[in-house]
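Read through the structure below, which is laid out as structure tokens, and then see the notes.
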Amino acid sequence: DSGVTQTPKHLITATGQRVTLRCSPRSGDLSVYWYQQSLDQGLQFLIQYYNGEERAKGNILERFSAQQFPDLHSELNLSSLELGDSALYFCASSATGYEQYFGPGTRLTVT
Amino acid sequence: EDQVTQSPEALRLQEGESSSLNCSYTVSGLRGLFWYRQDPGKGPEFLFTLYSAGEEKEKERLKATLTKKESFLHITAPKPEDSATYLCAVLLNFGNEKLTFGTGTRLTIIP
């Protein structure tokens, strides 16, 4: 158990809908990272927050957004969902900016 | 362009048969190289961090080594429970703290 929690574990929704994924980092970790893992793309970095502020962006679509709250939990919002957004979404946290500890993931299925 | 390549894509070994997994990288400035283990449908589990050429880390049947252009994950006398996908990732000197992952080696240990 990495200490990073994610909810929900599974999410099934229809195209065009909007969903919110939630992540709680390890106690004391200020950095939260979001990654997407699909069969054909591997693990891809989406976005990083540090102590409530956006620090870095990867290949994140404009339909996706994230935020980190004062209690350090983070949410990833995915809107206007398409079939191709079906993937595993992972959150990771870090205290040092080096080792990142991953949560169990949310499996999103868009039908 | 920064690249991380893992080989082989898949490896089947008999229990007790030692082998090595390779991770080669072409990046402009390496801050760290990380090895993770991922079981199907689960989040990546942190194994090792390597910072400089010549460094080695060990954990149970696994040993990770680093040169200037590649890293090896040596597995000695593996057991069926070592079956998983092994991912390597790099953290670059410049820019943000995103991890760039290879596509992984799927390791199967046959009893």
Using the Kirkwood radius over Cα pairs of chain A, the Stokes-Einstein translational diffusion coefficient at 4 °C and 1.567 mPa s, in µm²/s and rounded to a whole number, is 94 µm²/s
At q = 0.17 Å⁻¹, the log10 of I(q)/I(0) for the protein assembly as shown from a Debye sum over equal Cα scatterers comes to -1.21
Computed over the stretch B:62-103, the distribution of all Cα-Cα distances in 10 Å bins, rounded to whole %, is 22, 45, 26, 7
With +1 at each Lys and Arg Cβ and -1 at each Asp and Glu Cβ, the charge dipole magnitude of the protein assembly as shown around its Cα centre, to the nearest 20 debye, comes out at 80 debye
So, relative contact order of the stretch B:1-99 in percent, Cα under 8 Å, 6 or more apart, is 33 percent
Distance in Å, no decimals, from the C-alpha centre of the stretch B:4-24 to the one of the stretch B:27-41 is 15 Å
At R0 = 25 Å the Cβ-Cβ FRET efficiency linking B:Lys69 and A:Ala56, nearest 0.05, sits at 0.45
At R0 = 22 Å the Cβ-Cβ FRET efficiency linking A:His10 and A:Asp40, nearest 0.05, sits at 0.60
The size of the Cβ-based charge dipole (Lys, Arg +1; Asp, Glu -1) of the stretch B:1-89 about the Cα centre, to the nearest 20 debye, is 160 debye
With the 8 Å Cα cutoff and a minimum separation of six or more residues, chain A has a relative contact order in percent of 38 percent
Simple SL model, points at 7 angstrom along Cα→Cβ for B:Lys59 and A:Glu75; separation in nm is 3.3 nm
Hull surface over four for the Cα convex hull of the stretch A:47-87, reported in nm², is 3.1 nm²
Over 26 Å (Cα to Cα) among A:Lys57/B:Lys57; A:Lys9/B:Lys79; A:Lys9/B:Lys98 -> A:Lys57/B:Lys57; A:Lys9/B:Lys79
A chain fully extended from A:Ser27 to A:Ser65 at 0.36 nm per residue, minus the present Cα-Cα distance, gains in nm 11.3 nm
Rounded to the nearest Å, the spacing of the alpha-carbon centers of the stretch A:34-72 and the stretch B:65-111 is 23 Å
The aspartates and glutamates whose Cα lies under 17 Å from the Cα of B:Lys59, excluding any fewer than 8 residues away in the same chain, are A:Glu99, B:Glu45, B:Glu81, B:Asp82
In nm², the average projected area of the convex hull spanned by the Cα atoms of chain B is 6.5 nm²
Between the residues A:Gln37, A:Ser74, A:Leu11, the Cα farthest towards the positive end of the dipole of chain A, that dipole coming from +1 and -1 charges on the beta-carbon of Lys, Arg, Asp and Glu, is from A:Leu11
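Since every read-out is calculated from the coordinates, none of them should be taken as a lab result. Worth saying up front: this structure is predicted, and the values here are computed from it rather than measured. Don't worry about glycine lacking a Cβ; one is built from the backbone with ideal geometry, like all the others, and counts go over all protein chains shown.
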